[in-house]
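Undergrad: To start, I am sharing the structure in question, which I have written as C-alpha cells.
The values are calculated or read from the model by the stated rules, or taken from the named source; none is laboratory data. This structure is a prediction, so every number in the text was calculated from the model and none was measured. Because the Cβ atoms are built from the backbone with ideal geometry, glycine has one as well, and the counts that use them run over all protein chains shown. Only protein heavy atoms, including side chains, enter the accessible area calculation; ligands, DNA and RNA are left aside. Shrake-Rupley method; radii C 1.70, N 1.55, O 1.52, S 1.80 Å.
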Amino acid sequence: MRTILLSALLAVGVVTSGQASELTPDQAKAREIFARVIAFKTEIGQGQVPVMAHYLADEFKTAGFPAEDIHIVPLGETASLVVRYRGDGRSHKKPILWMAHMDVVTAKPEDWQRDPFTLIEQDGYFFGRGTQDIKSGVALIAANFLRLKREHFVPHRDLVLVFSGDEETQEATIQDLVNHHRDLIDAEFALNSDGGGGTIDETGKPKIYGLQTAEKTYASFEITVRNPGGHSSLPRADNAIYELADALKKIQAYRFPVMWSDTTLAYFKASGAATPGAVGDAMRRFAANPRDEAAADVLNATPAEVGKTRTTCIPTLLRGGHADNALPQSATATVNCRIFPGVAVADVGKTLAGLVGDKAEVKVIGDPAASDASPLRPDVMAAVTDSVHAMHADVQIVPVQDSGASDGLYLRAAGIPTYGVSGMFIKDSDSFLHGLNERVPVQSYYDELDYWYRLMKRFGGR
Ligand SMILES: [Zn+2]
C-alpha cells in the first residue's frame, strides 16, 4: 500500500495533501493527464492542439502502442489524434470509436477566479477550462487505453480513439477525418464523451442520465427583399421593409409538421413520468400517440420541449435601408432553423421560400450539415445502462436528441451511428461549460474513469 501511495504521489507531481493519499495508481495517472491537458491552451488560434496531441502520442508510445497505430493528422493550426487499439479480430466486427475533442472555448484569465489553464482541485471540484467540455473525456479515454494496455487486454475488435481539434469552432478536423481519412476512423459506431451525461439534483442525489442519439441540424437562412428605392418624401406602395415584415409574419404563422423518432418518444415517455402538471400529461400522451394534436400543441407552447417535436425557424437578425430619408433598397432578416434529424436543409429552404412568396429571396448561409438520428441500438443502451448503474444504481436512463451540432453530426451523416455517452454526473447549477470557472466534481471524474473502463472491456470483450 505504501509503495502504491508513493508512486501515486510521484505520478501526480503537484498534489495537495489529503487528496492524493486516496488515489489508486490508475486514478493518479488519470489526474496527471487531466492536469497536463488542461495546461495546453488549446483555444482557436493558439496552435496548441498539435502540441497537446504530441504529448498524448508520447504517452501511448511509452505504453507500448506501435507508432503506426498512432496518427496525428494536422489541419491548419490544429490537428486530430487517432489511436488504434488493435484487437485480435476474433469478433469479426468493425471497430468502435471513442471520441472527444482537444480544443476548448477561449477563456480570458482576467475574468476567471482561478487560472483557467491550471487544473485546480478545490472544495471537491476540479476547476479549469475544458474540465467539463471536454478535456475530462480526453483524459479519461486516454487513461483507460493506457490502463487496458498495461493489463495486456486484447480486444476482439479494434478500439479507436478519435480526438478532434476544432469542435468548438470550425468542426473541420472531424470533417477532414470523415472525408479524407475514412480508413482511420471507419467503425460500426462511435461513443462520444462530448454528449449525454448525468444530472445530480441540488441535494447531491443522482437524478437522470441522458444518452444522446441525435442532434438537430443548425442552419440559418437570409430572407431578402429588394426594391429600386427612392426618396422617402415620395413613398410608394412597394417597400422592402414592409414586404420583409409581411414575409416574416408568414414564417411566424407557420408550424413545421410534428415529427418523432424512437429517441424522442422514449424521451417523452421517461420525462413524462417525472414531470408534473399539463406538460407531463402532454409528454405521456405524445409518447403513447404522437398524432395526438392536443398533446403536441401543449409541447409546442413549451420552449424547452418544442424543438423535440418539430423543425423550428425563428428570426434572429434584421437589417435594412441605408439612410433615414431614403426608401429602402433592401431589407434582410436572418432566420435560424433547428431542423429535425432526417430532414434535408434544402427542403426547409423550399418551405421558407414557399411561405415568403416571390418578392423575397431565401438563401442558406454557409453549408450546414444534416444528419439522421442514430438508431437506439439495444447493445449500446444495455452497456451504457449497466455502466451507469454500476455508479448510481437507480438512475433513469433517457435517450435524448440535442439541439446542438457537435462532431457527432458529421459521423452520423457519414453513416457511423454516434452516441453521446459521457459518464459525468454534475448539478445543473455547477454546469459552466463555455462559461466562467468551469468545473467538474472530483468524485464524478474518478467515477467516470471506471465508467469508461467498463464500457471498453464490454465492447472489446468476449
Ligand atoms: Zn464539447
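Undergrad: Mind checking whether some residue in the stretch 138-148 is open to solvent by 10 Å² or more (accessible area, probe 1.4 Å), of a type in the set (A, V, I, L, M) and out of contact with any helix residue (DSSP H, G or I) (no Cβ under 9 Å at 6 or more places or on another chain)?
TA: No, because not a single residue in the stretch 138-148 is open to solvent by 10 Å² or more (accessible area, probe 1.4 Å), of a type in the set (A, V, I, L, M) and out of contact with any helix residue (DSSP H, G or I) (no Cβ under 9 Å at 6 or more places or on another chain).
Undergrad: Evaluate the following for Gln132: is it within 25 Å of Asp430 (Cα to Cα) and either open to solvent by 10 Å² or more (accessible area, probe 1.4 Å) or outside the structural domain of Val83 (by TED's automatic domain parsing) (or both)?
TA: yes
Undergrad: Separate question: If you take the residues of the stretch 103-122 that are β-branched (Val, Ile, Thr) and within 12 Å of the ligand (Cβ to nearest atom), which of them is surrounded by the fewest Cβ atoms within 10 Å (Cβ to Cβ)?
TA: Kept after step one, since they are β-branched (Val, Ile, Thr), are these residues of the stretch 103-122: 104-106, 118, 120.
Adding the requirement that they be within 12 Å of the ligand (Cβ to nearest atom) leaves 104-105.
Values: Val104: 30, Val105: 17.
Out of the qualifying residues, it is Val105.
Undergrad: A further question follows. Please enumerate the residues belonging to the stretch 123-137 that are hydrophobic (A, V, I, L, M, F, W, C) and either within 12 Å of the ligand (Cβ to nearest atom) or closer than 11 Å to Tyr445 by Cα (or both).
TA: Matches in the stretch 123-137: Phe126, Ile134.
Undergrad: Please count how many residues of the stretch 444-462 are within 21 Å of the chain's Cα centre (by Cα) and of a type in the set (Gly, Ala, Ser).
TA: 1
Undergrad: Right, another one. If Val348 passes every condition in (1) touching a Ser or Thr at 6+ places or on another chain (Cβ under 8 Å); (2) part of a loop (DSSP other than H, G, I, E, B); (3) among the aliphatic types (A, V, I, L, M); (4) more than 14 Å from Thr213 (Cα to Cα) but one, which one does it miss?
TA: Looking at each condition in turn, Val348 falls short on (2).
Undergrad: Residues that are closer than 24 Å to Thr213 by Cβ and within 16 Å of the ligand (Cβ to nearest atom): which helices (runs of 4 or more DSSP H) entirely in the stretch 353-462 hold 2 or more of them? Walk me through how you get there before you give the answer.
TA: Numbers: elements: 378-391, 407-413, 442-460.
Correct list: 407-413.
Undergrad: OK, next. Tell me the strands (runs of 3 or more DSSP E) entirely within the stretch 157-234 that contain at least 2 residues that are over 21 Å from Val421 (Cα atoms) and open to solvent by 10 Å² or more (accessible area, probe 1.4 Å).
TA: Strands (runs of 3 or more DSSP E) meeting the threshold: 217-226.
Undergrad: Would you check which residues across the stretch 412-462 are in contact with a strand residue (DSSP E or B) (Cβ under 8 Å, 6 or more places away or on another chain) and polar (S, T, N, Q) and list them?
TA: Thr418, Ser422, Asn437, Ser444
Undergrad: Something else about it: Within the stretch 383-409, count every residue that is charged (D, E, K, R) and exposed (fewer than 15 other Cβ atoms within 10 Å of the Cβ).
TA: Within the stretch 383-409, the subset charged (D, E, K, R) is 386, 394, 402, 407.
Then drop every residue that is not exposed (fewer than 15 other Cβ atoms within 10 Å of the Cβ), which leaves 386, 394.
The total comes to 2.
Undergrad: Output the number of residues of the stretch 259-283 satisfying the condition of being within 24 Å of Leu352 (Cα to Cα) and surrounded by 19 or more Cβ atoms within 10 Å (Cβ to Cβ). Before you say what the answer is, go through the steps one by one.
TA: At the first step, the residues of the stretch 259-283 found to be within 24 Å of Leu352 (Cα to Cα) are 259-261.
Then keep just the ones that are surrounded by 19 or more Cβ atoms within 10 Å (Cβ to Cβ); that gives 260-261.
Selection size over the stretch 259-283: 2.
Undergrad: Spot the failing condition for Arg310; the list is (1) at pLDDT 95 or above; (2) surrounded by fewer than 16 Cβ atoms within 10 Å (Cβ to Cβ); (3) not in a strand (DSSP E or B), and only one is missed.
TA: Going through the list (1) at pLDDT 95 or above; (2) surrounded by fewer than 16 Cβ atoms within 10 Å (Cβ to Cβ); (3) not in a strand (DSSP E or B), Arg310 breaks only (2).
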